[in-house]
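Chemist: Please find one structure pasted underneath; my questions will follow.
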Amino acid sequence: MRLDLTILGAPLGKGRPRLARQTGRIYTPALTREWEGAARAELASQLPPAWSPLDEPCAVYLTALFGRPARMICSHTSGRCRCEERYPQDRRLPYASRPDGDNVEKLVWDTLQQAGVMRDDALVTDHGARHRYVAVSEAPRVEVVVVWGAELGRLPWPPDAGKDDDGRDE
């Protein structure tokens, strides 16, 4: 079986726990808590009725799609400019900036468990993550694919193998 989920909004890296010196308590930064709460509610609304958290072997693949910086968006209106050659507007381009990929993944994994998609002790047999800038016409988001059962044995994996970064057949 396969479950496709989407978390709308810009991906965020998991904030490091902070220490309140006066009280000695450790807390999670507010931005991380807010993102987790919004993402948890969004994921819970996408789950099928009568869903119970997965506790069987599964595979999880995620694609974090970040917003493009202004320097990568072509605003020229006359003819073809050199921006289009460097930063194709209709393609998802590789993302190599902060936040670090593993911090984004940690936050998504924690949110999946909090939303009841899978148990904390679920056996994840395979996982993968990609980080890209969105195409100009897209909105930032995190796409998650969870696969379990008979689907796990089917190839090719990851689920979009044989397609380019835009989801088009190669």
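Chemist: Output the residue which, of all residues in segment 119-146 that are part of a loop (DSSP other than H, G, I, E, B) and either among the basic types (K, R) or within 10 Å of the chain's Cα centre (by Cα) (or both), is surrounded by the fewest Cβ atoms within 10 Å (Cβ to Cβ).
Modeler: The qualifying residue surrounded by the fewest Cβ atoms within 10 Å (Cβ to Cβ) is R119.
Chemist: Let me ask something else. As an exercise: evaluate G116 against (1) within 16 Å of T6 (Cα to Cα); (2) touching a strand residue (DSSP E or B) at 6+ places or on another chain (Cβ under 8 Å); (3) assigned to a loop (DSSP other than H, G, I, E, B) and give the number of the one condition it does not meet.
Modeler: For G116, the failing item is (2).
Chemist: Within segment 13-34, which residues are closer than 16 Å to D110 by Cα and touching a strand residue (DSSP E or B) at 6+ places or on another chain (Cβ under 9 Å)?
Modeler: Passing the criteria: P17, Y27, T28, P29, R33.
Chemist: Output the strands (runs of 3 or more DSSP E) that fall wholly within segment 1-43 and possess 3 or more residues being under 30 Å from A150 (Cα atoms) and touching a residue at least 12 places away in the same chain (Cβ under 8 Å), or say none.
Modeler: The qualifying strands (runs of 3 or more DSSP E) are 2-8.
Chemist: Let me ask another. Give me the pairs, please: first residue somewhere in segment 96-118 and within 12 Å of V144 (Cα to Cα), second residue anywhere and surrounded by fewer than 21 Cβ atoms within 10 Å (Cβ to Cβ), beta-carbon distance under 6 Å, and either six or more positions apart or on two chains.
Modeler: E105/A129; T111/E36; T111/R40
Chemist: Now, a different point. Looking at P11, P88, P53, which one is within 23 Å of E138 (Cα to Cα), surrounded by 13 or more Cβ atoms within 10 Å (Cβ to Cβ) and at pLDDT 90 or above?
Modeler: Answer to the selection: P11.
Chemist: I'm checking my understanding of the structure. Among residues of segment 16-37 that are in contact with a Gly (Cβ under 7 Å, 6 or more places away or on another chain) and either among the β-branched types (V, I, T) or at pLDDT 90 or above (or both), which one is farthest from A96 (Cα to Cα)?
Modeler: Result: T28.
Chemist: For segment 1-42, how many residues are more than 15 Å from the chain's Cα centre (by Cα) and not aliphatic (A, V, I, L, M)?
Modeler: 16
Chemist: Another question about this same structure. How many of the residues making up segment 136-162 are at pLDDT below 85 and of a type in the set (A, V, I, L, M)?
Modeler: Looking only at that region, the number is 5.
The values are calculated or read from the model by the stated rules, or taken from the named source; none is laboratory data. The structure displayed is predicted, hence computed values, not measured ones. With ideal geometry, Cβ positions are generated from the backbone for all residues, glycine too; neighbour counts draw on all protein chains shown.
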